[in-house]
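Remarks on the structure that follows.
Every number in this text was worked out from the coordinates using simple rules, so none of it is lab data. All figures in this text were calculated on a predicted structure; none of them were measured in a lab. Here the Cβ positions follow ideal geometry from the backbone for every residue, glycine too, while neighbour counts run over all protein chains shown.
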Amino acid sequence: MKTNYKIQGTPNSPVLMFSNSLGADLTMWDDLVPHLLPYFKVLQYDTRGHGQSELTEGPYTIEMLGQDVIDLLDQLKIDKVYFCGLSMGGMIGQYLGIHHPDRLHKLIISNTDAKIGTAEGWKDRIKTINEQGMQAIVDGTMEKWFTKAYHINRPYRVAEMREIFLANSLAGYTACCAALGAADFREDIKNISVETLIITGDEDEVTNVEQAEALQKEIEGAQLKVFHARHLPSTELPAYYAETLIDFIVGEDGFDRGMHVRRTVLGSAHVDRANRNKNEFNTDFQEFISQYAWGEIWTRPGLSKHTRSLITLSMLIPLNKKAEFKMHVRAAFNNGVAVAEIKEVILQSGIYCGLPAANDAMHSAEEVFEELGLEYKE
Ligand SMILES: O=C(O)CC1=CCC(=O)O1
């Protein structure tokens, strides 16, 4: 089975994986990604029979779709992820929570239930689509996915999602309908022990607030967040949805967020050393750095961490702060910067900051390369 996926983010960051709803594809998460990249590697994939993933013969089962996730993680050599699945993706998340908790750091199940709809209802839908095509249910689906206000305010985004829905193959969509018709985790859901967040929308008629509350009762310690949305809050309210995921995974506090990002950029060894060296004189300063530099600025979605590394290096060259510069050369590699790019930054600084500053930076950078065993080759 060939699963289409996209993975973005810096090498040291934990992986947050997303699983799409029935009839959507991996792009449904795209608007969240810039908000999440400061914290995570983001792994999006197309469920079997959807998007660019392989279309195998149906019917499928949620177990099969869950095993696809495990196979993809094995293929990518990823041991554990934070997993967020919406609707059908949420059922896949439940399957993973029940059968593969060792592969999950935490679980987010959004707009879903332990059983969605009835077997009869799914059979009827398969029959309608086989006879009349996806067109027969597209208007109803867009109504279910988005609030009236979103249809009015963001018609272009609704039109895009409509196109994605219509581009589904009948065979892939109906094979997943069959999986949903057969899936029933009502007996097993109580066995989920991984920390779980449940999300739903106050206007979601597919998997409503009562259903989400019932799920919350079954999963020990589960948290519940209700958005003002219908079935696809992640698309309708991407910044708020991303913020909710960050709150749940990393924490609401700027300091906790800063420490998380600081570890991804400077490495845990550096941060642990700084923590060990804390004393009455420097603690306030250490916390100030974590909260403001790392928690407020490096977490902003407006520039990638890669770009932030390059501009930080170029600002440190004229400041002539050798230790800080060397620390940020090391950090730049954690943000995916290449040796060749550091060379370009220093060359550019030679013009704008002056040759003595650039010359010193060149020596400092080479000291770091030597320490890390890196070589520059054309
Ligand atoms: O299409 C629907 O009715 C909504 C839905 C159910 C499962 C899913 O992923 O979306």
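Numbers below:
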{"item": "Per-residue ³J(HN,Hα) for the range 228-237, Karplus 6.51 cos²θ - 1.76 cosθ + 1.60, θ = phi - 60°, Hz, x for Gly and Pro", "result": "7, 6, 9, 7, 10, x, 5, 7, 6, 10"}
{"item": "Calculated from backbone phi, Karplus (6.51, -1.76, 1.60) coupling profile of the range 106-113 in Hz, x at Gly/Pro", "result": "8, 10, 10, 10, 10, 6, 8, 8"}
{"item": "Nearest-0.05 FRET efficiency for THR283 and LYS322, computed from C-beta distance (R0 22 Å)", "result": "0.35"}
{"item": "Assigned charges on the beta-carbon of Lys, Arg, Asp, Glu; the range 110-150 dipole about Cα centre (debye)", "result": "80 debye"}
{"item": "Percent of Cα-Cα distances greater than 12 Å, calculated over the range 254-298", "result": "55 percent"}
{"item": "Environment charge of PRO301, counting only residues whose C-beta is closer than 12 Å and scoring Lys/Arg +1, Asp/Glu -1", "result": "+1"}
{"item": "Anisotropy class of the range 5-249 from Cα gyration tensor, a/c 1.5 cut", "result": "rounded"}
{"item": "Size of charge dipole - the range 182-320 - debye, nearest 20, with Cβ of Lys, Arg +1 and Asp, Glu -1, no other charges", "result": "1080 debye"}
{"item": "Dipole-positive endmost among ILE70, LEU55, GLY336 within the chain (Cβ charges, Cα centre)", "result": "GLY336"}
{"item": "Cβ-placed point charges (K, R +1; D, E -1), dipole of the chain about Cα centre in debye, nearest 20", "result": "660 debye"}
{"item": "Potential extension, ALA119-GLU371 segment - 0.36 nm per residue separation minus Cα distance", "result": "84.5 nm"}
{"item": "Sparse-neighbour loop sites [chymotrypsin sites (Phe, Trp or Tyr not before Pro); the range 277-346; at most 11 other C-beta within 10 Å; DSSP]", "result": "PHE281"}
{"item": "Normalised contact order of the chain, rounded percent, pairs of Cα under 8 Å and 6 or more residues apart", "result": "17 percent"}
{"item": "Nearest-ten-degree value, helix 254-266 long axis tilted from longest Cα axis of the chain", "result": "70 degrees"}
{"item": "Loop-resident sites, the range 102-197, for trypsin sites (Lys or Arg not before Pro), counting at most 14 other Cβ within 10 Å (DSSP)", "result": "ARG186"}
{"item": "HIS105 long-range amide H proximity, modeled H, under 5 Å", "result": "VAL81, TYR82, PHE83"}
{"item": "Given charges at Cβ of Lys, Arg, Asp, Glu: the chain dipole, positive-most of TYR150, SER21, ILE317", "result": "ILE317"}
{"item": "Crossing angle, helix 62-75 versus the chain [Cα axis fit, 0-90 degrees, rounded to tens]", "result": "20 degrees"}
{"item": "Gaussian network model of the chain, springs between alpha carbon atoms under 10 Å - residue of GLU367, GLU243, GLU54 with greatest fluctuation", "result": "GLU367"}
{"item": "Rounded if a/c under 1.5, otherwise prolate or oblate - the range 303-378, Cα gyration tensor axes", "result": "rounded"}
{"item": "Relative contact order %, the range 176-276, counting alpha carbon pairs below 8 Å whose residues are six or more apart", "result": "21 percent"}
{"item": "Degrees separating the helix 170-182 axis from the principal Cα axis of the chain, which is the longest one", "result": "80 degrees"}
{"item": "From phi via Karplus (6.51, -1.76, 1.60), per-residue ³J(HN,Hα) for the range 41-58 in Hz, x at Gly/Pro", "result": "7, 9, 10, 10, 9, 8, 4, 2, x, 10, x, 9, 6, 5, 9, 9, 5, x"}
{"item": "Prolate/oblate/rounded call for the range 192-246, Cα gyration tensor, a/c under 1.5 rounded", "result": "oblate"}
{"item": "Dipole of the range 254-298, positive direction: furthest Cα of THR264, PHE288, ALA274, with charges on the beta-carbon", "result": "THR264"}
